[in-house]
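Okay, structure first, notes after.
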Amino acid sequence: MKNLKKIVLFCVAILILGSMTGCTKEKLNLEKVRDAVDTLKGKEVSYISAIDALVNSGLFGEDLTDVYQLSEVGISEKNILEEEGNTKYWMAITEKGKDGFSYFIGRPAEGKKDALKKELDTYYKSAKEKGKLRVEEADDCLIYLVSSDNEKAWNLYQENRYVPLFSMVGDIDESQLESILGLKKDDVEEYIIKMPMAIVSAESYMVIKPAKGKKDTVKDAMKTYLENQEQQWSTYLPDQYELVKGRLEKEIGDYLVYIISKDNNRVLDAIENCKE
């Protein structure tokens, strides 16, 4: 009987020791966090960003000229959506005109998609017959591409058509920790803190590992900072105020995470995927 008790106690000790050695603190790779979060794209379309990527790719040659009067290429502006006094299209052609490189990105007016498509098909007929045309639809736009590599051009458009989720943020350094957050550099072991660089946005994210024994100090400082943010935005921009109120706060191992964005859960997923 005594031997049985010894065996049971020995097994319990082994189980406890195993659980203790298996309980390691979660660690985040902050460089991976930076890369993962900074490359997240939001839902807002940035036509200018996409077009800049196309123009600077070299896939359309060097003599692209913007088309400001669509009537010059046989397209009616009445078939293009107009918002706030601007027709929503972007078109550029080379000196060779119909036989050269070109792109068109435009949103049809309501009920005018077929009419616009017909005019574009007529203009790009030669390129289509030569197998040089790629036609796509995205973001309510008709997209016509004639380049040295339409596959690359289309991929560039897709990669650059959305604004980054955090498009107006910048890093704060040690010298700004105290002035902005009320923290001393000795209060934190490591961190990534991205703050808004424009007065029209509250979007930000912070991943902070407090120094040993400083967790409560960091949490208190962040509580004060975020309460001040609520007060600030409550009298300024209602949409940003709602973002601040709807912020996400979480602890991952020894790290304190704060996210103010239009898609907090996606940002959190990106951060958690950077565990080591």
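The apolar share of the surface of the chain, taken as the fraction of accessible area on carbon and sulfur atoms (1.4 Å probe, ligands and nucleic acids excluded), comes to 49 percent. As a calculated quantity, the FRET efficiency between LYS130 and LYS275 at R0 = 41 Å, using C-beta atoms, amounts to about 0.20. Within the shell of other residues whose beta carbon sits under 13 angstrom from the beta carbon of ASP187, the net charge comes to 0, with Lys and Arg scored +1 and Asp and Glu -1. Near ALA50: Cβ cut-off under 11 Å, other residues only, Lys/Arg at +1 and Asp/Glu at -1. The net charge is -2.
At a probe radius of 1.4 angstrom, the accessible area of the chain per residue rounds to 59 square angstrom. Charge tally around ALA115: other residues with Cβ under 14 Å, Lys/Arg +1 each, Asp/Glu -1 each, net +1.
Reported to the nearest whole Å, the Cα centre-to-centre distance from the range 184-243 to the range 65-144 is 46. Normalised by the number of residues in the range 41-149, the average gap of Cα pairs under 8 Å and 6 or more apart makes the relative contact order 26 percent.
Residue pairs exceeding 27 angstrom between C-alpha atoms, taken from LYS78/LYS152; LYS41/LYS128; LYS78/LYS262; LYS41/LYS212; LYS32/LYS250: LYS78/LYS152; LYS41/LYS128; LYS78/LYS262; LYS41/LYS212. Among THR224, PHE166, GLY106, pick out the residue whose Cα is farthest towards the positive end of the charge dipole of the chain, where Lys and Arg carry +1 and Asp and Glu carry -1 on C-beta, about the Cα centre. After comparing all options, I get THR224. With contacts taken as Cα pairs under 8 Å at a separation of at least 6 residues, the chain carries a relative contact order of 21 percent. Label positions at THR122 and ASP186, each projected 7 Å from the Cα along the C-beta direction, are separated by 7.8 nm.
Between VAL163 and LYS223, the FRET efficiency from the beta-carbon distance, with R0 = 35 Å, is close to 0.70. Legend: calculated FRET efficiency, ASP254 to LYS152, from the Cβ-Cβ distance at R0 = 51 Å, rounded to 0.05, equals 0.70.
The values are calculated or read from the model by the stated rules, or taken from the named source; none is laboratory data. Everything numeric here is computed off the predicted structure, so don't read it as measured data. For neighbour counting, all protein chains shown are included, and Cβ atoms are generated from backbone atoms with ideal geometry for every residue, glycine included. Just the protein is used for accessible areas: all its heavy atoms, side chains included, with ligands, DNA and RNA removed. Shrake-Rupley method; radii C 1.70, N 1.55, O 1.52, S 1.80 Å.
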